[in-house]
Amino acid sequence: MHIQDSRLDQVIDRFDEIEARLGATADADEIVRLSKEHAELKKVADKAKALKAARSDLAEAEAIIEDGSDADMTALAREEREEIRERIPQLEEELQLLLLPKDKDDDASVMLEIRAGTGGDEAALFAGDLFRMYERYAADHGWTVEVVSASESEAGGYKEIIASVSGTGVFGRLKYESGVHRVQRVPETESGGRIHTSAATVAVLPEPEDVDIEVRDEDIRVDTMRASGAGGQHVNKTDSAVRMTHIPTGIVVLSQEKSQHQNRARALQVLKARLYEKERAEMDAARAAERKGQVGSGDRSERIRTYNFPQGRVTDHRINLTLYKLDQIVSGEALDEVIDALIAEDQAAKLAAMEEEGA
């Protein structure tokens, strides 16, 4: 797709305008807003300037070649023209990717919800493995993970675990993890060495800081109870756990990791994240259908990814990607290789859609 010079000028002019306004304002809120837009536009403007410069250099080289009065200069111009002709398509492709419409929530922190699906105790163990994978992945990216609530399985792992993952760009990467994850392995309790198939569901809900989701006091019911799970006798001495029900939607949130006061605040935070996701889904029917199809009922036949331990492979079924790096992926070390491939596929689909619209 050829990017018109007028589009390049538009990008550069907007960046220059933001820079000028940043230097002229003393308003703290406007400085924060402009600084964010400046950071987002800088890469695009730099690439647009590079593309304009390359096109200018190409025109200059072609003028020298057409003139032909200086043999040495003409020969150099021919070499330069070939190099520039190879470089321009690459610059255009890179700029097209930068110009793709972005999900406004990509920079948001998230609520990560993992639930055991089909497979009993083994599914709960796998849910625990997934949580630890994301926990280590988050640590590698400098993000913070804070458990909101957890329902542990007697055999280990989790029936359900909800955590807040905060940092820059969390949703932009983890949003591709929503769906059913399937595991194929021999459980430790299996004496016959038979491979079992289990599943767990992952839901990633954006939690943008600047969103204003109104939750009226009369629309929620708060119940307190004794927390359950690890922690010895102390965990059952006080009614510290909080269950919050949003009456209009029926959404129920449980928080049991801290004091009652902190649990109320955290439960409200989770509730707002779920209400915001509901709002996103209603505004974007296509995304809602996709998410429903991904998460489904937790049955092992509805999967986006399979972790096959006997063969040491991980397969993402959405893009037919198979990597024989199971240990590195489950440790979080190589998870970026899967996510990067999903992002590239998503970008390619968006580019194709732009080209169809421009055709």
*Quick one: which of Gly128, Gly120, Gly169 is surrounded by fewer than 17 Cβ atoms within 10 Å (Cβ to Cβ) and closer than 19 Å to Thr201 by Cα?*
Gly120
*State yes or no: is Phe131 in contact (Cβ under 8 Å) with a residue 12 or more places away in the chain and under 23 Å from Leu268 (Cα atoms)?*
yes
*State whether one or more residues within the range 201-212 are surrounded by fewer than 16 Cβ atoms within 10 Å (Cβ to Cβ) and modelled with pLDDT of 85 or more.*
no
*asked:* Just to be sure before I move on: is Thr238 among the β-branched types (Val, Ile, Thr), at pLDDT below 85, out of contact with any strand residue (DSSP E or B) (no Cβ under 6 Å at 6 or more places or on another chain) and not in a helix (DSSP H, G or I) in the structure I sent?
replied: yes
_Lone unmet requirement of (1) in contact with a His (Cβ under 8 Å, 6 or more places away or on another chain); (2) more than 30 Å from Arg274 (Cβ to Cβ) for Leu58_ = (1)
*Has the range 116-125 got at least one residue that is assigned to a loop (DSSP other than H, G, I, E, B), free of Cβ contacts under 8 Å to residues at least 24 places away in the same chain and outside the structural domain of Ala265 (by the TED database)?*
no
*Please find, within the range 323-342, the residue that is most open to solvent (accessible area, probe 1.4 Å) out of those that are in contact with a Lys or Arg (Cβ under 7 Å, 6 or more places away or on another chain) and small (Gly, Ala, Ser).*
Ser331
_Can you find a residue that is within 27 Å of Asn308 (Cα to Cα), of a type outside the set (Gly, Ala, Ser), touching a residue at least 40 places away in the same chain (Cβ under 8 Å) and not in a helix (DSSP H, G or I) anywhere in the range 137-153?_
yes
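The values are calculated or read from the model by the stated rules, or taken from the named source; none is laboratory data. Note that the structure is predicted; figures quoted are calculated from it, not measured. Cβ: placed from backbone, ideal geometry, glycine included. Neighbour counts: every protein chain shown. These accessible areas exclude ligands, DNA and RNA; they are computed on the full protein's heavy atoms, side chains included. Shrake-Rupley method; radii C 1.70, N 1.55, O 1.52, S 1.80 Å.
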